[in-house]
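Working notes, structure below.
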Amino acid sequence: MKTYSKRRGVHVTDADLLTLRAKGFPVRDSWKPRPVPTADTAIQANRYGSGMRADLGLYVRSRWEANYGRILNLRLTLGEIDGWKYEPKEFEFPVKRGNRFYKPDFQVFSHALGYHWVELKGYMKPGDASSVKLKRMQKYYPQEQVILIREREYQELERTYAKLIPEWEYA
């Protein structure tokens, strides 16, 4: 039976490792066990906002995406849309250099409009990876409609929906 000592005062045996793994704790080099994210836990987000959201049943990359998913759920309940998916498709661009792939944040289905894509971007400047991907999307997939939600549009959505959605996350 081996004894591991990654930090002063912490001695973990193989039996301890098995017990930790059985209880759902990932064993890492830092020896600080943390629970594995599950849909049973409310919000397990890191400091940047990415994490599992129980109310959505999804792992999302930001608070904005989590809140937009909640808006879509509300709109689905109200019958304004027919459905939505989170990052369901990745588009490939026929280029040899630079950004070759793009995965929009949401696909929204509507009985009136068919479907469209939604991309949430808080910060984007000309020439960065995000703007290049959106330009390539227009060039190589002109039939696909992508709606870009920037900070101003997101703040407008927040003013409209934050009080209606109890799980709303503020930055």
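The values are calculated or read from the model by the stated rules, or taken from the named source; none is laboratory data. In this text, all values refer to a predicted model and were calculated from it rather than measured experimentally. Backbone-built Cβ (ideal geometry, glycine too); neighbour counts: all protein chains shown. To get the accessible areas, we keep the full protein, side chains included, count just its heavy atoms, and leave off ligands, DNA and RNA. Shrake-Rupley method; radii C 1.70, N 1.55, O 1.52, S 1.80 Å.
Table for the structure above
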read-out: Test: residue in the range 152-160 that is modelled with pLDDT of 95 or more, surrounded by 14 or more Cβ atoms within 10 Å (Cβ to Cβ) and in contact with a strand residue (DSSP E or B) (Cβ under 9 Å, 6 or more places away or on another chain); value: yes
read-out: Selection count where residues are among the acidic types (Asp, Glu) and open to solvent by 50 Å² or more (accessible area, probe 1.4 Å), scope the range 107-150; value: 0
read-out: Inter-residue pairs, beta-carbon under 7 Å, first at positive phi and in the range 49-75, second hydrophobic (A, V, I, L, M, F, W, C), 6+ apart; value: Gly51/Ile43; Gly51/Ala45; Gly57/Ala39
read-out: Residue that is farthest from Tyr59 (Cα to Cα) [pool: residues in the range 87-106 that are open to solvent by less than 40 Å² (accessible area, probe 1.4 Å) and assigned to a strand (DSSP E or B)]; value: Phe91
read-out: Residue match in the range 71-84 (condition: in a strand (DSSP E or B), β-branched (Val, Ile, Thr) and open to solvent by less than 40 Å² (accessible area, probe 1.4 Å)); value: no
read-out: Identity of the residue in the range 125-151, within 20 Å of the chain's Cα centre (by Cα) and part of a helix (DSSP H, G or I), that ends up nearest to Glu169 (Cα to Cα); value: Glu151
